[in-house]
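Please read the structure below before turning to the comments.
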Amino acid sequence: MTVAVITIDGPSASGKGTVASLVAARLGFHYLDSGSLYRLVALHAERTGLALDDEDALARAARHLPVEFADERVLLAGEDASAAIRSEAIGIGASRVGACPAVRAALLERQRDFRRAPGLVTDGRDMGSVVFPDATLKVFLTASADERANRRYKQLIGKGESANLLQIKQDIIARDERDAHRAVAPLRQEPDALLLDTTSIGIDRTVECILGWFSERQVSGS
Ligand code: DC
């Protein structure tokens with residue numbers, strides 16, 4: 001029997017990570033935050049002085065980086081990198097790293113290895129289109145750029161960091177542009193993905209909606 005997968009793709013700051021991990025917890029499924037892999041490659045590049053256009057070196061790093069997911073933490077070579085990979089600068093670096101075809105190829109099998117019983121919930125940009133094209137349920141989660149910028153702003157302020165709303169919105173739009181227009185695995189809604197616009201709905205309703213869709217799929221697939 002194939003292991004069930006729910007893919008949640010969408011633009012940055014659409015709430016994919018929060019929603020995907022809550023859906024995974026409700027179902028008792030594994031969770032893969034694919035963006036963290038791109039962020040780890042960007043962090044490694046920054047720390048070791050790798051240029052973000054050195055595709056071969058980035059791909060080698062992507063293939064061999066010693067990454068571990070433990071509870072809520074992401075470990076890079078045994079060190080907790082959870083906070084370091086969340087900075088805006090590393091997010092922008094990850095978007096550039098993600099535009100390299102060789103990096104995407106290097107991460108493909110690593111991501112597929114997360115598909116284990118009883119099931120997997122994963123979020124990213126190409127989870128439904130490239131990594132798990134046979135997913136049980138594909139969701140495209142989005143919200144307006146204003147709303148996403150507001151959410152990111154509140155998140156940063158909540159963490160005690162300084163933030164500039166206009167700058168955040170500009171970064172979000174620039175990241176959307178790069179993620180949607182790159183040559184390989186661009187961000188887009190697949191024809192078989194269900195669209196969920198969360199501009200005016202909260203996290204709880206979003207999670208319930210996805211769980212409802214998933215149970216419909218299971219009934220119709222059994
Ligand atoms: O989801 P996130 O914000 O953590 O992702 C950071 C960047 O990584 C995103 O701007 C593009 C890249 N990424 C990608 O290219 N493909 C994925 N599946 C996930 C992330």
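The values are calculated or read from the model by the stated rules, or taken from the named source; none is laboratory data. This structure is a prediction, so every number in the text was calculated from the model and none was measured. Here the Cβ positions follow ideal geometry from the backbone for every residue, glycine too, while neighbour counts run over all protein chains shown. The accessibility values were calculated without ligands, DNA or RNA, using every heavy atom of the protein model including side chains. Shrake-Rupley method; radii C 1.70, N 1.55, O 1.52, S 1.80 Å.
Details
- Scanning residues 5 or more positions from residue 124 or on other chains, those with amide H under 5 Å from its amide H are 8, 9, 10, with H placed 1.01 Å from N in the peptide plane.
- Where 211, 50 fall by accessible area, highest first, once all protein chains stay in place (1.4 Å): 50, 211
- Loop GluC sites (Glu not before Pro), the stretch 71-147, which have at most 14 other Cβ atoms in a 10 Å radius of their Cβ (DSSP): 72
- Per residue, the convex hull spanned by the alpha carbons of the stretch 31-94 comes to 80 Å³.
- Shown for the chain are the DSSP H helices of 15 Å or more along their axis, judged by Cα atoms, with a mean Kyte-Doolittle hydropathy of at least -0.5: 16-27, 34-48, 101-112, 203-221.
- Kirkwood Rh in Å, taken over the stretch 95-185 so that all alpha-carbon pairs contribute: 15.3
- Lysine pair count for the chain (Cα-Cα distance under 18 Å; residues 8 or more apart in sequence or on different chains): 4.
- Counting only Cα atoms, the size of the stretch 1-58 along its three principal axes is 41, 30, 17 Å, in decreasing order.
- Residue-averaged [θ]222 nm for the chain, counting only DSSP H segments that reach four residues, each worth -39500 (n - 2.57): -15500 deg cm²/dmol
- Listed residues 127, 1 arranged by accessible area, highest first, probe 1.4 Å: 1, 127
- Full extension of the segment from residue 108 to residue 219, taken as 0.36 nm per residue of separation minus the current Cα-Cα distance, would add 37.0 nm.
- Relative contact order (%) - criterion: Cα under 8 Å, at least six apart; region: the stretch 3-103: 27
- Exposed loop sites here are trypsin sites (Lys or Arg not before Pro) assigned a DSSP state other than H, G, I, E or B and surrounded by at most 11 other beta carbons within 10 Å; excluding them, the longest clear run of the chain is 1-115.
- Over the chain, the pair-distance histogram of Cα-Cα distances with 5 Å bins from zero comes to 1, 7, 15, 19, 21, 18, 12, 5, 2, 0, 0 percent, rounded to whole numbers.
- Relative contact order (%) - the chain, alpha-carbon pairs under 8 angstrom, separation at least six: 32
- Kirkwood Rh in Å, taken over the stretch 1-117 so that all alpha-carbon pairs contribute: 14.9
- Under the convention that each Lys and Arg Cβ holds +1 and each Asp and Glu Cβ holds -1, the size of the dipole of the chain around its Cα centre is about 100 debye.
- For the stretch 153-200, pairs of C-alpha atoms spaced more than 15 angstrom apart make up 65 percent of the total.
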